[in-house]
1. For the stretch B:301-321, what are the residues that are under 21 Å from residue B:468 (Cβ atoms), within 11 Å of chain A (Cβ to nearest Cβ), open to solvent by 10 Å² or more (accessible area, probe 1.4 Å) and assigned to a loop (DSSP other than H, G, I, E, B)?
2. Residues of the stretch B:373-415 being among the aromatic types (Phe, Trp, Tyr) and within 19 Å of residue B:224 (Cβ to Cβ), which ones?
3. Out of contact with any helix residue (DSSP H, G or I) (no Cβ under 7 Å at 6 or more places or on another chain) and either within 14 Å of chain B (Cβ to nearest Cβ) or not hydrophobic (A, V, I, L, M, F, W, C) (or both), is that true of residue A:122?
4. Out of (1) within 16 Å of ligand 1 (Cβ to nearest atom); (2) among the aliphatic types (A, V, I, L, M); (3) over 27 Å from residue B:240 (Cβ atoms), the odd one out for residue B:375 is which?
5. Are any residues in the stretch B:373-432 more than 17 Å from residue B:529 (Cβ to Cβ), outside any loop (DSSP other than H, G, I, E, B) and among the β-branched types (Val, Ile, Thr), and if so, which ones?
6. Considering only the stretch B:437-462, state which residues are assigned to a helix (DSSP H, G or I) and in contact (Cβ under 8 Å) with a residue 12 or more places away in the chain.
7. Could you identify the single residue in B:253, B:328, B:227 that is open to solvent by less than 30 Å² (accessible area, probe 1.4 Å) and in a helix (DSSP H, G or I)?
8. Which residues, counting only those in the stretch B:459-509, are among the charged types (D, E, K, R) and more than 14 Å from ligand 1 (Cβ to nearest atom)?
Amino acid sequence: MENVEIIIDGVRKVVPKRITILKVAQELKIEIPTLCYHPAIEPYGACRLCTVEIEKNNRKMFVTSCNYPIENEIKIETNNENVIKIRKLILELLIAKVGYKGKVKEIAEKYNVEPRFGVGDDDCILCGLCVNVCKEIIGVNAISFSSRGINRDVSPPFGKEAVDCIGCGACAFLCPIGTIKIEDLNEKRIITKINANLELEKCKICGKYFVPKKFIEYIKNKIGNVELDVFLICDECKGENYIKRLASFSLTGGKNE
Amino acid sequence: MKKINDIEELKKLREKLIKGKNKEGIVISVCMETGCIASGSYEIYKELLKEVKRLKDKKVKVLKTGCHGFSEVDPAIVIYPEKIFYIKVKVDDIDEIIEKTIQKREIIERLTYKDETTGEIIPYLDQIPFYKKQKKLVLSLNGLIDPEDINDYILYGGYSALSKVLFEMEPEEIIEEIKKSGLRGRGGGGFPTGKKWEYCRKAEGEPKYVICNADEGDPGAFMDRSVIEGNPHSVIEGMIIGAYAIGANDGFVYIRHEYPLALKRLSFAIQQAREYGFLGEDILGSGFSFDIDIVRGGGAFVCGESTALMASIEGKVGEPRAKYIHTVEKGLYEKPTCLNNVETWANVPFIINNGWEKFAEIGTDTSKGTKIFSLVGKVKNTGLVEVPMGITLKEIIFDIGGGIKGNKKFKGVQTGGPSGGVIPEKYLDLPVDFDKLNEVGSMMGSGGMIVMDEDTCMVDVARYFLNFLKEESCGKCVPCREGINQMLSILNRITEGKGKIEDIEILKEISDFMQKASLCALGKTAPNPVLTTIEYFYDEYVAHIEKKKCYSGVCKDLIEYFIDPEKCTGCQLCAKNCPVSAIEGERKKVHKIDIEKCIKCGICFNVCKFNAVERK
Ligand SMILES: Cc1cc2nc3c(=O)[nH]c(=O)nc-3n(C[C@H](O)[C@H](O)[C@H](O)COP(=O)(O)O)c2cc1C
Ligand code: SF4
Ligand code: FES
């Protein structure tokens, strides 16, 4: 692979071409805050919190580090005054929208943000992690963005119910401000915000309801005739039995027995 | 229609068409575009057809054409060869037109354009001030050809640029020609077209695509619609030439769905071009193949942005994405893609036919050729104008536009669509080109031009455009979505008299931030109306904030109406017209406005014959 030489926060460094600035920074343990980025998902570039200032062909500009692919020799400043000013204003605006919640609160405190535009109480910063994980990793597209501009929101189809949702919970796991939550009650699972209702299946060992039927169905359809028992045991019962169970599948073709 | 297999056949067809044309004597051209049809031109066209048929004179022909641009006087007709221009024509006028003008070659003064100040009668199109300073390159055939008849286009030299490039030029030569012409993108950014083609040609990856951006989302703009409705083949020919130069075999026109007539004419034109073999396999026997698909846009302003547009063609949500890797390298379906605006494509045949020198001799150092503007607002002659780059704002507004309506004073002109800036009087002598407009904080955009008079409140103007963008931004990125929202709250407060002087600095701070941190050009340019009004009309912001006054009388919370007892005659007209009965007073006695009830609609102010109602 081709390499390029860059200067990041004053340090000279040779990096592979087209790597993103964020990845380089992470390798160097330089901290850049992010809200809409996840390593498994295509960078979305919506929150702009990861903005850094670069100098390219003697021109300075601001770019988002999560999706900027390094092509030529550039100078990067990840934490200068200008960058901090931008990040602070982003955080102020987000607090004006949703208030002090989850990761927004955490980062805002680090940056000593004093909110000039008030403290809002919307439930969504529109980072897109839920929508994108459902689309790119799970392949279900149960939820999407609705409306444009200031009315943009995350919602199930027609704002009603996430009928296609399989209840995997990836969105809840990634939501940075804890809006999307999984609530299991006996044989029912509800996922808040996206409005999903699912029937659960029992654990094969302890008999507790724990996994959505549709999730099992979906896995079955996608990866074919794999022994599904592994998905049918709850976390608590996994332990000893879990390993035994896994061993019984002979995943390695029995060579290690 | 028979397929044209080579250059010879095309030449023969054109010769035949010219011979036929020479036999015609009088042509009555009726504009049949969305705007003109709305003003009644279709009824006039039908009636003319009927009456001319009755004449049984083969030399008289009625032609439906593209727009002459002068919206103010619609519906209008042009009678060739003299180019007699009749305005605001009614169906009832047609008998007289046939009898006097068509049969006896007499001018009907009643229907001609009259100069407002001198009262002079100006019967011929070319002598009317609205047209005098215009230069029609792209719109040159609007009014001369039937947009639904490919033969009309061919008659006037259509598709000769295509045959020239296919048989006499290498792709690189075409690109060189476009580069030398200095043509820059007419869709907003002003990127050099030749360079874009070159990057796309050199980019790795197959297949390559060309796209025509006909989204035209700026409110009040109808340049691109007019080009497509008036001369769709010029766009198609431009695209085929571009595709050949770049090495693309597939093209798309992305057109907004609110343009049914443009869509119909374009589909029709593409169909005819296919039948003649200008589109499809082995065009004119050259071995080059290319075809065009039409994609209908959903009508969101942001879908005009290049990456949002491409996402939309792919069937995805129309929102922008990062362009760190340019679309000429990775565009539609991640393949090299060349996107140009309607007007950009339509300029191409002219450059190829006449050579780059002819094009480059028009305009300024950095901006060549002409630009179409839709001139609207408080100007006397509204309409579509095509002017040479470098013409001054003053010439456009006062010479072509005829000055400000109702003898009011000029206050500002907003160029470049909703995220353009407002340019004040002191820059009226500014030559209009890409860079000059940028220098004063505005932009060319796609060619919107809104003229504002003294009754316009500039804080309200800034608020108005942000209000539009609030709904029209895609909402993906924080700076644009939330920045617009906060700026709008501040502007709302100022117009309500609740602003603080620090607000002005905060507006500037958010603007600067949006320019730096937004994802796409919508967010980066959205602050322009705010920044330019602060820069050029600072006192007005201060008056709203500190004096709680809106001197233009627009911001309702900051104005009061009252009756001057000295002037009031007690005629009761105001009281009769007040929609909320806020005015009391006996006949022939002084009237009074109840401030509590008054909704500040200003009706009394407008109806009083004695100027007794005052606003402060
Ligand atoms: C919000 C937004 C809206 C736009 N709308 C249009 C449009 O309606 N038509 C257009 O041709 N270009 C529009 N553009 C510009 C396009 O992104 C692009 O630059 C242009 O189509 C390129 O063609 P050109 O080089 O011929 O100008 C828009 C840009 C932005 C940021
Ligand atoms: S700048 Fe505005 S329109 Fe552009 S991506 Fe961001 S939110 Fe969408
Ligand atoms: S993390 Fe890069 S834009 Fe959100």
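1. B:317, B:318, B:319 - these are the residues of the stretch B:301-321 that are under 21 Å from residue B:468 (Cβ atoms), within 11 Å of chain A (Cβ to nearest Cβ), open to solvent by 10 Å² or more (accessible area, probe 1.4 Å) and assigned to a loop (DSSP other than H, G, I, E, B).
2. Here is the first cut: in the stretch B:373-415, the residues among the aromatic types (Phe, Trp, Tyr) are B:373, B:398, B:410.
B:373 - this is the single residue of the stretch B:373-415 that is among the aromatic types (Phe, Trp, Tyr) and within 19 Å of residue B:224 (Cβ to Cβ).
3. Numbers: out of contact with any helix residue (DSSP H, G or I) (no Cβ under 7 Å at 6 or more places or on another chain): no; either within 14 Å of chain B (Cβ to nearest Cβ) or not hydrophobic (A, V, I, L, M, F, W, C) (or both): yes.
Answer is no for this residue.
4. The one condition residue B:375 does not meet is (1).
5. Correct list: B:379, B:385, B:387, B:392, B:396, B:397, B:400, B:404.
6. Start the filter on the stretch B:437-462 by keeping residues that are assigned to a helix (DSSP H, G or I), which leaves B:437-439, B:458-462.
The answer is B:437, B:458, B:459, B:460, B:461, B:462.
7. On the way: B:253 fails: in a helix (DSSP H, G or I); B:328 fails: in a helix (DSSP H, G or I).
Selected residue: B:227, the only one of B:253, B:328, B:227 that is open to solvent by less than 30 Å² (accessible area, probe 1.4 Å) and in a helix (DSSP H, G or I).
8. Initially, the stretch B:459-509 is screened for residues among the charged types (D, E, K, R), giving B:460, B:463, B:470-472, B:476, B:481-482, B:493, B:496, B:498, B:500, B:502-503, B:505, B:508-509.
The answer is B:460, B:463, B:482, B:493, B:496, B:498, B:500, B:502, B:503, B:505, B:508, B:509.
The values are calculated or read from the model by the stated rules, or taken from the named source; none is laboratory data. What you see is a predicted model; the values in this text were computed from it and never measured. A quick note on method: Cβ atoms are made from the backbone with ideal geometry, for glycine too, and the neighbour counts reach across all protein chains shown. Just the protein is used for accessible areas: all its heavy atoms, side chains included, with ligands, DNA and RNA removed. Shrake-Rupley method; radii C 1.70, N 1.55, O 1.52, S 1.80 Å.
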